[in-house]
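Colleague: One structure is given below, represented as structure tokens, and several questions about it will come after.
The values are calculated or read from the model by the stated rules, or taken from the named source; none is laboratory data. This one's a predicted model, so the numbers in the text were calculated from it and none came from an experiment. Note: ideal-geometry Cβ built from the backbone for every residue, glycine included; neighbour counts use all protein chains shown.
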């Protein structure tokens, strides 16, 4: 009995045909999965909080350039009181000597009645406002401000880098589920081919056209294919749980995704690492270490500031009259010049310089590693492109081989073993093509990450 050749052949365009789903409903696109992952990822939420904290820190240090205004007050009570008496009498009158300009008695006297002062403190209070403005702090204020600004920039980069990692893991999980669906379809199609062959061999054996041994051989292969379907189903179930984990859904959720891998060009457009967030973050770390040197050095430089005060004072009675009762103003200039500190600050500066040298060395080392990573990603991407092309050709050749083998077996020119081997080669080529498309997407994703093309 002739076998139907049409049911055994699958064109490359059918490779990503629809597969059976465990649930029905709206299909989750890759973009939707990315969005869900970014919304629900805990690491990204922590990175966002770190960015917000760094922003507030930056604003606090920026405020150091502006004056500080304080309201201040003091009140108290003292029972200190007493008298101050100065006896009166005749006092000589002094006039200047025309020759020397000094004061000398002129022989006359003036009467001084004396003083009898009574003072009392009792309640006293002072209230007012003061303004402080740093003029020059040895560069401390500016260096601290720049450090806070760098911290804010790094926190923003870290948030974007975390988002990139989330996107990469989510896309990997997504395409892994698509691959698992396609591998299940491969197993189902191979099982269908064997079932059709089984029916035809059974019919041929009944009519004495084929030996019973052929039926047993097909049955063994059919059993293996059923096991392959079960393994494919398990793999798809695990891939679905993995995707649910990244997009923030319960692991037991039944989700539906596209049965096609997103298209990728595989084009190499960037061959350096300057677009990577890690590259910029390393530069910022070196910049921060340089500011730490300047900050340590500022402690060795003079500091200049101004202060103004305007107060109301009510205190001290003299003979039952207030001595202080009104508003007063004052302005001051302060200058602080470090003289000797047992080389403590010199050692802090040297330590900061060593940290700067360490940051520069770390940057050089990591830059080289990132360049190696990018080169490796480019090489693997070009290899994956070639593997996909070869897989396309291999599947076409395997389909043609299976067609010829089927015809040969039907006409008695080939054994069943030859035909089963041709079917197995076709199934293997089919699975290889699915994996080649999957690997191409992953390698393209790795390249885009290594080239800094996934920055959020």
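Colleague: Restricted to the range 427-448, and to residues that are buried (at least 20 other Cβ atoms within 10 Å of the Cβ) and without any contact (Cβ under 8 Å) to a residue 40 or more places away in the chain, which residue is farthest from the chain's Cα centre (by Cα)?
Modeller: 429
Colleague: Would you check if residue 255 is in contact with a strand residue (DSSP E or B) (Cβ under 6 Å, 6 or more places away or on another chain) and either crowded, with 19+ Cβ neighbours inside 10 Å or not in a strand (DSSP E or B) (or both)? Working first, answer last.
Modeller: Working: in contact with a strand residue (DSSP E or B) (Cβ under 6 Å, 6 or more places away or on another chain): yes; either crowded, with 19+ Cβ neighbours inside 10 Å or not in a strand (DSSP E or B) (or both): yes.
Yes; evaluated as a whole, the condition is true for this residue.
Colleague: Further question on the same structure: Whether any residue in the range 45-54 is over 30 Å from residue 174 (Cβ atoms) and surrounded by 11 or more Cβ atoms within 10 Å (Cβ to Cβ) is what I want to check.
Modeller: Looking through the range 45-54, at least one residue is over 30 Å from residue 174 (Cβ atoms) and surrounded by 11 or more Cβ atoms within 10 Å (Cβ to Cβ).
Colleague: Given the condition under 29 Å from residue 42 (Cα atoms) and crowded, with 19+ Cβ neighbours inside 10 Å, answer yes or no: does some residue in the range 218-229 qualify?
Modeller: Within the range 218-229, not a single residue is under 29 Å from residue 42 (Cα atoms) and crowded, with 19+ Cβ neighbours inside 10 Å.
Colleague: In the range 266-300, which residues are more than 27 Å from the chain's Cα centre (by Cα) and surrounded by fewer than 16 Cβ atoms within 10 Å (Cβ to Cβ)?
Modeller: Matches in the range 266-300: 300 only.
Colleague: Sort through 189, 169, 195, 221 and tell me the only one that's more than 30 Å from residue 414 (Cβ to Cβ), in contact (Cβ under 8 Å) with a residue 24 or more places away in the chain and either in contact with a helix residue (DSSP H, G or I) (Cβ under 9 Å, 6 or more places away or on another chain) or assigned to a loop (DSSP other than H, G, I, E, B) (or both).
Modeller: 169
Colleague: If only one of 284, 322, 350 is modelled with pLDDT of 90 or more and out of contact with any helix residue (DSSP H, G or I) (no Cβ under 7 Å at 6 or more places or on another chain), which one is it?
Modeller: Just a single option satisfies the conditions, and that option is 350.
Colleague: Under 9 Å between Cβ atoms, at least 6 apart or on separate chains: pull out the pairs that start in the range 372-384 with a residue that is at pLDDT below 95 and end on any residue that is surrounded by 19 or more Cβ atoms within 10 Å (Cβ to Cβ) and assigned to a helix (DSSP H, G or I).
Modeller: Hits for this filter: zero, empty list.
Colleague: Can you go through 239, 232 and tell me which one is at pLDDT 95 or above, over 30 Å from residue 403 (Cβ atoms) and either crowded, with 16+ Cβ neighbours inside 10 Å or in contact with a helix residue (DSSP H, G or I) (Cβ under 7 Å, 6 or more places away or on another chain) (or both)?
Modeller: 239
Here is a yes/no grid of residues against (1) surrounded by 11 or more Cβ atoms within 10 Å (Cβ to Cβ); (2) in a strand (DSSP E or B); (3) on the phi < 0 side of the Ramachandran plot:
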{"position": "84", "(1), (2), (3)": "no, yes, yes"}
{"position": "90", "(1), (2), (3)": "no, yes, yes"}
{"position": "95", "(1), (2), (3)": "yes, yes, yes"}
{"position": "125", "(1), (2), (3)": "yes, yes, yes"}
{"position": "129", "(1), (2), (3)": "yes, yes, yes"}
{"position": "160", "(1), (2), (3)": "yes, no, yes"}
{"position": "163", "(1), (2), (3)": "yes, no, yes"}
